[in-house]
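Every number here is computed from the coordinates shown, using simple stated rules; none is lab data. Source: prediction; values computed, not measured. Positions of Cβ are backbone-derived with ideal geometry, glycine not excepted, and every protein chain shown enters the neighbour counts.
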Amino acid sequence: MKTEWPGLQYFLLIGLNTCSVLTAQFGVTRDGTNEIRPVVLSIAYLWRNCSYLLFTDGETSGYEALAKDMAQSLELRGAALFDNSAEGTSDNFTVSDRITSVAREVRLHFLCVVVVVVSDRLIFLESFAESSLRGRLLSGTSTLIAVGRLRPQDVEALSAHWTFSMYNALVFAPESPDGTSSNGKSSSGSSKRWNMYYHMPFTASGGRWIKLGYWLRSRGLILQEDRPLLPQKFSNLYGATVNISALPYKPYWMEETNSKGDIIYSGSDKLMLDAMESTLNFTMRALKVSTWDEVVQRVLERKAWTAPIIHAVYPARLKRFDFTRTYEHDINQAFVMAKPVLKPQWQSLYYPLTNEVWLCIFGTLLISCVGLIGVIRGSEQMQQHKKIASGGVLLEVLGTLLGQGGLSDRLPANFSTRLLVLIWLFFAFIVGTLYKGNLVAFLVAPRYPPRPETLEELVKVVKRVTMPSFGDTLRELLRNSETDSLRSLGNMMVLGYDVDEGLRLTLQNKYPHLGSLRFLQYQVAEHYTEADGTSPLYLGREGVMPILNAWPIPHDAPFKEDLDFVILGLIEGGIYNKWMEDWLNEAKKVGRQSRRRQLEAGVPLESWTGDFPTEASIDSEPRALTIVHFQGPLMLLGFGMVFAGVAFIVESFVEWYSSAKAGEIRLRLKEQAIEKLF
């Protein structure tokens with residue numbers, strides 16, 4: 001049955017036991033000797049429940065027959081043959097990338113796949129090694145088998161390629177490629193030995209090929225008794241040096257220089273890397289990089305195993321490289337903004353009570369004064385008591401309400417007056433106590449202007465958001481989002497601002513800055529915290545979006561399982577979270593101590609203006625009240641003194657004017673009296 005493949009042709013043959021043989025022809029298939037066919041069939045028997053992808057240079061043997069033999073004699077789930085012979089020629093031994101691309105599509109349809117490459121030419125095997133990496137033909141758990149009449153130096157040359165060195169790659173080569181046995185005599189087909197080699201990149205004596213067994217036609221495949229078929233390559237690296245690429249990103253990765261000029265690394269992710277070093281027995285070496293693009297590029301080039309710094313797992317990044325097991329699952333992309341500055345407000349005296357309560361108090365005060373004055377006037381008439389001015393009664397009642405005095409003994413001593421005064425004193429005590437208690441709370445924790453805490457609130461009040469250059473992936477993801485708020489945020493993002501510059505713009509121009517939640521928490525704690533724990537910055541209560549975080553590694557890295565094993569143990573045991581909490585607490589402590597030293601030296605905190613509130617969770621130290629809190633009482637006192645002064649001036653003028661008029665009248669009367677006498 002002939003079927004179309006995009007750009008290629010393949011033939012699907014249905015054989016016995018519902019097994020299929022897929023033959024993709026890229027040129028002319030040529031028959032040759034069957035010397036290698038028994039070797040391949042013996043090897044295939046070890047993975048007889050898997051599917052096979054066979055690659056050939058088109059010169060060595062008749063592989064269509066081999067594929068049919070494998071499907072019919074073994075219970076294979078499928079076998080695909082990729083013949084690389086050029087169309088009409090036989091001198092092209094470069095594996096085409098489109099071949100490996102099609103082979104990868106076939107591989108993705110099966111759970112267990114074994115790739116077999118058969119060629120006597122080193123150039124073909126090396127070309128396959130490079131093409132298979134570019135085309136992502138092999139996964140981290142794939143098995144690769146190379147069979148060919150190779151010389152020992154050819155086998156050694158294959159170790160320079162990542163495909164044969166790092167993956168589960170078995171190489172079968174005759175003990176004597178020229179057809180002679182180890183004793184120099186001619187070797188027959190039945191006695192010729194094929195050695196099975198396996199490259200171990202990390203051993204006590206360095207990287208080397210080890211012999212796992214051999215194959216004889218008369219006996220088949222014979223394995224070494226003391227070795228497994230596919231030994232673990234990365235469970236013990238024997239102290240080897242492993243390259244990584246990293247840049248400082250607190251508190252995950254930090255770099256400091258000691259007195260000797262050596263770079264000292266620290267941080268939560270560095271501690272996790274240390275745990276990997278101890279578990280897998282290797283030594284870390286950081287490559288020199290200057291930008292985040294270089295950090296990732298070293299991983300893409302496989303010059304570095306990983307970049308051991310938290311990276312968000314975005315779909316666009318998955319196309320370029322893989323990730324380790326994710327961690328820090330509850331950490332979002334967050335935004336940091338400047339806290340609204342508390343402006344002086346005289347209304348702080350008014351805020352402790354609602355409008356309805358104030359109206360009730362003034363109404364009660366008025367009614368109580370009128371009632372008390374009425375009772376007092378009646379008592380004065382009955383008892384002929386000395387009269388008390390109505391203004392004096394009002395002042396006495398208001399004084400008891402403010403807790404600054406009591407009603408004098410000049411009040412009548414009758415029962416009705418005392419009962420009314422007792423009720424008013426009880427009411428004044430309750431209202432005054434509640435008001436004073438609530439007033440203290442409003443002075444210590446005054447009302448601040450509203451601030452954005454969620455993404456929806458953020459996009460409504462800002463027009464620009466800053467982020468470092470590595471945020472281009474996030475920006476594109478947000479711009480293509482179906483959510484309006486996320487799409488708006490993506491359009492606002494301006495890249496190229498590191499955290500120091502971004503936070504300075506946040507303070508000066510109120511531009512929010514985006515970054516990892518832990519990273520922003522550390523920066524604010526270490527560099528933007530006052531001695532008493534106050535800070536001009538705050539992080540939004542809700543992050544921008546939930547994300548997964550992990551370390552970048554090359555596509556289909558065979559050591560991924562070993563790194564994931566260590567990460568899983570640290571995360572499940574809560575050790576990583578404990579490290580993170582310790583680093584953040586240390587940053588807060590260092591930030592407060594540094595600010596205290598600055599205050600003692602008289603150094604102001606650059607770019608800070610105004611008064612900044614303290615979050616209750618930052619510090620439990622006593623906090624001093626400022627002029628902002630006392631503006632209300634001071635303004636009330638000032639207005640009262642000014643009003644009293646004006647009243648005094650008016651009263652003095654009225655008194656002087658009245659005295660002058662009275663004097664003129666008396667003088668005029670005297671003059672009139674004198675005129676009458678004369």
How many Å³ per residue does the convex hull of the Cα positions in segment 499-538 occupy? 63 Å³
Cβ-Cβ cut-off under 10 Å around Leu133, Lys and Arg +1, Asp and Glu -1: the net charge is +1
Inter-label distance for Arg227 and Glu301, nm, one decimal - labels placed 7 Å from Cα along Cα-to-Cβ: 3.3 nm
So what are the three principal axis dimensions of segment 232-287 from its Cα atoms, in whole Å, longest to shortest? 38, 23, 16
List the trypsin sites (Lys or Arg not before Pro) in segment 200-272 that DSSP assigns to loop (not H, G, I, E or B) and whose Cβ has at most 12 other Cβ atoms within 10 Å. Which are they? Arg219, Lys260
Segment 434-563: Rg/Rh from Cα coordinates, Kirkwood Rh? 1.09
May I ask which residue of Asn281, Leu144, Tyr214 lies farthest towards the positive end of the charge dipole of segment 136-286, with charges of +1 (Lys, Arg) and -1 (Asp, Glu) on Cβ and the Cα centre as origin? Tyr214
Gyration tensor (Cα only) of segment 451-518 to equivalent ellipsoid, semi-axes in Å sorted down, yields 18, 15, 9
Amide H of Gly213 versus every other amide H placed in the peptide plane: which residues, excluding those fewer than 5 positions away on the same chain, fall under 5 Å? Met196, Gln224
Of Lys250/Lys319; Lys303/Lys578; Lys260/Lys339; Lys211/Lys303, which pairs sit farther than 30 Å apart, going by alpha carbon to alpha carbon? Lys303/Lys578; Lys260/Lys339
So, in nm, how far is label Thr279 from label Glu561 when the simple model puts each one 7 Å beyond its Cα toward the Cβ? 1.4 nm
Let me check I've understood the local charge: for Leu318, count other residues with C-beta under 15 angstrom from its C-beta, Lys and Arg +1, Asp and Glu -1. What total comes out? +3
Note, Asp562: beta-carbon cut-off 13 Å, +1 each Lys/Arg, -1 each Asp/Glu, net 0
HN-Hα J couplings of segment 140-156 from phi, Karplus 6.51/-1.76/1.60, θ = phi - 60°, integer Hz, Gly and Pro as x? x, 10, 5, 10, 10, 10, 10, 10, x, 7, 9, 7, x, 5, 5, 4, 5
State, to one decimal in nm, how far the label point of Glu156 lies from the label point of Tyr350, with both points 7 Å from Cα in the Cβ direction. 9.3 nm
In segment 181-307 the DSSP beta bridges are antiparallel at a rate, in percent to nearest 5, of 70 percent
With a Förster distance of 35 angstrom and the Cβ-Cβ distance between Lys578 and Asn480, calculated FRET efficiency to the nearest 0.05 equals 0.40
Show the residues, 5+ positions off or on another chain, whose built amide H is closer than 5 Å to the amide H of Cys50. Arg77
